[in-house]
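The values are calculated or read from the model by the stated rules, or taken from the named source; none is laboratory data. In this text, all values refer to a predicted model and were calculated from it rather than measured experimentally. When we count neighbours, we look across all protein chains shown, and the Cβ atoms used for this are built from the backbone with ideal geometry, even at glycine.
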């Protein structure tokens, strides 16, 4: 699955930005198809708009039914329309109204069957080289920058707390030659219930984020970056 993204900060208030992208998704004469394919959310300081751009394709019920049938058979979201997503967040600490934007889009095949896990199996993709994964973990997402060794992998880990996983990676990364990045020995870092640890090996840098999302499972994210 190939997805493009861009980040930028623009001189415009959050409300205006979300209204603009919402209008791009639905248009002035939005019908059933546009309203079904658009989702949005807005809070005081952030919001998002997601939609499927159907272009010039027919909007009648028969055509929509055919699109949904192709999607259910193939898993290709492109059968419904081109994926568009915008996340906007108000920028604080700057004079004037500024908004941070993350835009994501896919103009080619977007097969959710390949991207997401099924029946307890790993999602498609690959693991991070020289970074072990916890036992009994399930890979739920793997994303890599095209032509670059940088990317991230997300696991669901049952019966392990976030603190246990950070301790696991402190030990395993050190054993695999990584140098833990910390100001004080055995430093524990937690921000908004997310525990984290970072390490480096040559020009590679890895950051591990762990958050207990359920009573019996923790969501583990591993981010790897290095020069291309």
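Would you point out which residue out of 212, 228, 188, 221 is at pLDDT below 90 and within 19 Å of residue 145 (Cβ to Cβ)?
Only one candidate passes the filter, namely 228.
Looking at region 110-132, is at least one residue modelled with pLDDT under 90 and part of a strand (DSSP E or B)?
For region 110-132, residues modelled with pLDDT under 90 and part of a strand (DSSP E or B): present.
I'd like to know if region 160-174 contains one or more residues that are closer than 26 Å to residue 113 by Cβ and surrounded by fewer than 18 Cβ atoms within 10 Å (Cβ to Cβ). Spell out how you get there, then give the answer.
Narrowing region 160-174 to residues closer than 26 Å to residue 113 by Cβ: none.
Within region 160-174 (the criterion being closer than 26 Å to residue 113 by Cβ and surrounded by fewer than 18 Cβ atoms within 10 Å (Cβ to Cβ)), the answer is no, since none of the residues qualifies.
Hey, among 153, 157, which residue is in contact with a helix residue (DSSP H, G or I) (Cβ under 8 Å, 6 or more places away or on another chain), outside any loop (DSSP other than H, G, I, E, B), assigned by TED's automatic domain parsing to the domain that holds residue 212 and under 30 Å from residue 106 (Cβ atoms)?
Working: 153 fails: in contact with a helix residue (DSSP H, G or I) (Cβ under 8 Å, 6 or more places away or on another chain).
Of the residues listed, the single one that is in contact with a helix residue (DSSP H, G or I) (Cβ under 8 Å, 6 or more places away or on another chain), outside any loop (DSSP other than H, G, I, E, B), assigned by TED's automatic domain parsing to the domain that holds residue 212 and under 30 Å from residue 106 (Cβ atoms) is 157.
Could you name every one of the strands (runs of 3 or more DSSP E) located completely within region 1-88 that has at least 1 residues being modelled with pLDDT under 85 and out of contact with any helix residue (DSSP H, G or I) (no Cβ under 8 Å at 6 or more places or on another chain)?
Values: elements: 4-10, 38-42, 46-53.
The strands (runs of 3 or more DSSP E) meeting that bar are 4-10, 38-42.
Going through region 175-185 one residue at a time, which ones are loosely packed, with under 15 Cβ neighbours inside 10 Å and closer than 28 Å to residue 148 by Cβ? It would help to see each step written out before you state the result.
Kept after step one, since they are loosely packed, with under 15 Cβ neighbours inside 10 Å, are these residues of region 175-185: 175-177, 179, 181-185.
Passing the criteria: 175, 176, 177, 179, 181, 182.
Mind checking whether some residue in region 126-142 is farther than 25 Å from residue 161 by Cβ, in contact with a helix residue (DSSP H, G or I) (Cβ under 9 Å, 6 or more places away or on another chain) and not assigned by TED's automatic domain parsing to the domain that holds residue 77? Working first, answer last.
Applying the first criterion (farther than 25 Å from residue 161 by Cβ) to region 126-142 yields 126, 129.
This time we only want the ones that are in contact with a helix residue (DSSP H, G or I) (Cβ under 9 Å, 6 or more places away or on another chain), so: none.
So far as region 126-142 goes, no, none of its residues is farther than 25 Å from residue 161 by Cβ, in contact with a helix residue (DSSP H, G or I) (Cβ under 9 Å, 6 or more places away or on another chain) and not assigned by TED's automatic domain parsing to the domain that holds residue 77.
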